[in-house]
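See structure below.
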């Protein structure tokens, strides 16, 4: 597993570029990139930390199921922001290009090519899982809307008060005008 | 959601790193127009609601019509620009605070990253400084010498339809939570800037139905839901039956009873919808346990006041019923339930708007004798202050094991925390009704608490995505204590919180329920003669 070693060695540059590109999808990414306080900057820090975790899992060849929880963390955020479905999940796919960009010439050399193909497959699988999660998040939103409507919290009764059945003329008469 | 650019999509897949994700225009904020699409705006006020309100005394809501934010033509009155500029001139004249806020910002940026809307969206116009700049730029252009001469160079810009649309977009992407104000070295109250923006928009018939229908209902029947006196009483009676079957205690509250010592006012959601009704059961049990001489009013049947999110005249009018009912019923003082913005109206505006209340007495707890000097001007005491005082004086007994199913954290609701300084009483109560509870991280609580993201009448379902992203900073902190300590309950003291945090938790932190503090009090309260069933979920248990 030569690739694992190379990816570990270049992890810092890869994560930097991957995070940078992902956060660049926001209109004003400056603060999201700068602040490292999880509670002052939830979007930036959650994405930064989670991409790092995902990369480590991929590098170590973790089972796909292990990716679900961290993927969900990022997808859940992007599913309610003003992105299309493809924009929301494209960062995961981009990891392929990020890795090749960082490895440069090295990526084209024989020992790595085959392993990189496998890595690309794992990345693509991750992106597809992200898409499933995206759909789940959107469905959850629709369920939330329904739950609110059903709960009665959203109900403004349109009937009940006799005064609202008065037509304008009767109301004026009643007011003595 | 953004429109997919198929050509770019294809290009990015074919050629490598995506253009889709980073392809936002890098223009000056003034040159980026707003785009309304389903999910990013709340529905406009129904014309008949606005017509009704405009016909009412003391308020003015002209230019009712059917219109859609998605249309190019908003059917504005012909002289809309004069109306807006004259409206701004009037307000600059009447409200000294507005004039100061327009002039004194030095754009230090301390507020910029403190807004939950900005933190959830990354949209620069959600930075409080820039949101205020939407109004300030027009102010500079038309009301300052530098702006009149230098225009854009002095940060001024002409009032156009595009600017008006921008106002509508961002005045309704602010929940007036005032977190940004905590960090402003000049103390600029950005909430009041949003209030002014909304007032100005109402002059040309632009507002949202989720604010105005409750306002219309409140004006007519006294509460947001439009409940008649009979329906209001009926709902409380149902809750009394539930309380009896759960605890064996029969509570018999009175309505519109003249001569009661205390008038109790709470948000109507407490008597109507889950999970507020459990909070209401908590009130009913508490008052029974201490034998409080109190009455409900079926007219002052709403603590909430969406007038605050509408116009100062509307706020004043809706607020007036509290004192009017207190006077009519001849009570000594008023006890208020768990509500957020109700307390902002009471604490910051009520006395000036509808006081002085020489017909009421400085509130004194009939049980402990404590005089609430802090409520000397408004004559209204918060249920948490009242309960904490009962606990401190040993007047009520708790069995914490009845809350064994609950591991809470506490969400400081924006207005009680920042607008009236209610920080320690809820915590003191929690200490006494549950075994253990956990604080969220310190920059997300007390004065720095994060908003639920759905206040100021933004708790409507058509903007669900917007609510979820603006609520992310709050949910993120809850998620932290949920994962670290197994927290399963988010306690709060606000009706909008109870409704909207429930949805927020469903999306971000499944497994966390939302409960009013008085519900947890009711769960643990030991009452003489009670015959409680085994209530594994407290007052929520289905029996």
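The values are calculated or read from the model by the stated rules, or taken from the named source; none is laboratory data. Remember, it's a predicted structure, so these values are computed and weren't measured experimentally. Note that we place each Cβ from the backbone using ideal geometry, even for glycine, and neighbour counts take in every protein chain shown.
Observations, loosely collected:
- Lone qualifier among B:336, B:394 - being in the same structural domain as residue B:301 (by TED's automatic domain parsing) and on the phi > 0 side of the Ramachandran plot: B:394
- Checking each residue of segment B:284-296 against the condition of being under 30 Å from residue B:42 (Cα atoms) and either touching a helix residue (DSSP H, G or I) at 6+ places or on another chain (Cβ under 7 Å) or in the same structural domain as residue B:514 (by TED's automatic domain parsing) (or both) gives no match.
- The residues in segment B:491-514 that are farther than 24 Å from residue B:418 by Cα and within 12 Å of chain A (Cβ to nearest Cβ) can be counted, and the count is 5.
- Screening the candidates A:141, A:133 for the property of being within 14 Å of chain B (Cβ to nearest Cβ) and closer than 21 Å to residue A:63 by Cβ yields one hit, A:133.
- Complete set of residues in segment B:104-115 that are surrounded by 14 or more Cβ atoms within 10 Å (Cβ to Cβ) and in contact (Cβ under 8 Å) with a residue 24 or more places away in the chain: B:105, B:110, B:111, B:114, B:115
- Scanning segment B:305-356 for residues that are under 15 Å from residue B:191 (Cβ atoms) and surrounded by fewer than 22 Cβ atoms within 10 Å (Cβ to Cβ) gives B:312, B:347, B:348, B:349.
- Considering segment B:104-129, and only residues there that are within 22 Å of the chain's Cα centre (by Cα) and assigned to a loop (DSSP other than H, G, I, E, B), the residue that is nearest to the other protein chains (Cβ to nearest Cβ) turns out to be B:127.
For (1) at pLDDT below 95; (2) farther than 15 Å from residue B:168 by Cβ; (3) not assigned by TED's automatic domain parsing to the domain that holds residue B:159, each residue gets a yes or a no:
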{"site": "B:10", "(1), (2), (3)": "yes, yes, yes"}
{"site": "B:22", "(1), (2), (3)": "yes, yes, yes"}
{"site": "B:39", "(1), (2), (3)": "yes, yes, no"}
{"site": "B:63", "(1), (2), (3)": "no, no, no"}
{"site": "B:78", "(1), (2), (3)": "no, yes, no"}
{"site": "B:82", "(1), (2), (3)": "no, yes, no"}
{"site": "B:86", "(1), (2), (3)": "no, yes, no"}
{"site": "B:92", "(1), (2), (3)": "no, yes, no"}
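- Restricting A:154, A:114, A:110 to residues that are at the interface with another protein chain (Cβ under 8 Å from one of its Cβ atoms) and modelled with pLDDT under 95 narrows the list to A:154.
- Only one of B:536, B:489 that is in the same structural domain as residue B:440 (by TED's automatic domain parsing), in contact with a strand residue (DSSP E or B) (Cβ under 6 Å, 6 or more places away or on another chain) and touching a residue at least 40 places away in the same chain (Cβ under 8 Å): B:489
- Some residue of segment B:431-451 being surrounded by 23 or more Cβ atoms within 10 Å (Cβ to Cβ), under 17 Å from the mean Cα position of the chain (by Cα) and more than 23 Å from residue A:79 (Cα to Cα): yes
- Failed criterion for residue B:369 (all others in (1) at positive phi; (2) touching a helix residue (DSSP H, G or I) at 6+ places or on another chain (Cβ under 6 Å) hold): (2)
- The test for being within 22 Å of residue B:479 (Cα to Cα) and either facing chain B (nearest Cβ under 9 Å) or surrounded by fewer than 15 Cβ atoms within 10 Å (Cβ to Cβ) (or both) holds for residue A:41.
- Of the helices (runs of 4 or more DSSP H) lying entirely inside segment B:257-375, those containing at least 2 residues that are within 14 Å of chain A (Cβ to nearest Cβ) are B:276-290.
- Filter pass, residue B:311 being closer than 21 Å to residue B:344 by Cβ and in the same structural domain as residue B:517 (by TED's automatic domain parsing): yes
- Note on segment A:1-20: among residues that are free of Cβ contacts under 8 Å to residues at least 40 places away in the same chain and under 29 Å from residue B:124 (Cβ atoms), the one that is farthest from the other protein chains (Cβ to nearest Cβ) is A:16.
- Applying the criterion of at least 1 residues that are within 15 Å of the chain's Cα centre (by Cα) to the helices (runs of 4 or more DSSP H) found wholly in segment A:1-107 leaves A:11-23, A:29-34, A:42-59, A:65-78, A:85-103.
- Out of B:248, B:259, B:226, B:276, one residue alone is surrounded by 21 or more Cβ atoms within 10 Å (Cβ to Cβ) and either assigned by TED's automatic domain parsing to the domain that holds residue B:202 or at positive phi (or both). It is B:226.
- Residue within segment A:55-69 that is at pLDDT 95 or above, within 28 Å of residue B:120 (Cα to Cα), facing chain B (nearest Cβ under 8 Å) and surrounded by 17 or more Cβ atoms within 10 Å (Cβ to Cβ) present: no
- Count of segment B:483-507 residues which are farther than 29 Å from residue B:305 by Cβ and touching a helix residue (DSSP H, G or I) at 6+ places or on another chain (Cβ under 6 Å): 1
- In summary, residue B:84 fulfils each of the numbered conditions (1) within 13 Å of another protein chain (Cβ to nearest Cβ); (2) touching a residue at least 40 places away in the same chain (Cβ under 8 Å); (3) not in a loop (DSSP other than H, G, I, E, B) with the single exception of condition (1).
- Residue in segment B:88-103 that is under 24 Å from the mean Cα position of the chain (by Cα) and within 12 Å of chain A (Cβ to nearest Cβ) present: no
- Filter pass, residue A:23 being touching a residue at least 24 places away in the same chain (Cβ under 8 Å) and within 12 Å of another protein chain (Cβ to nearest Cβ): yes
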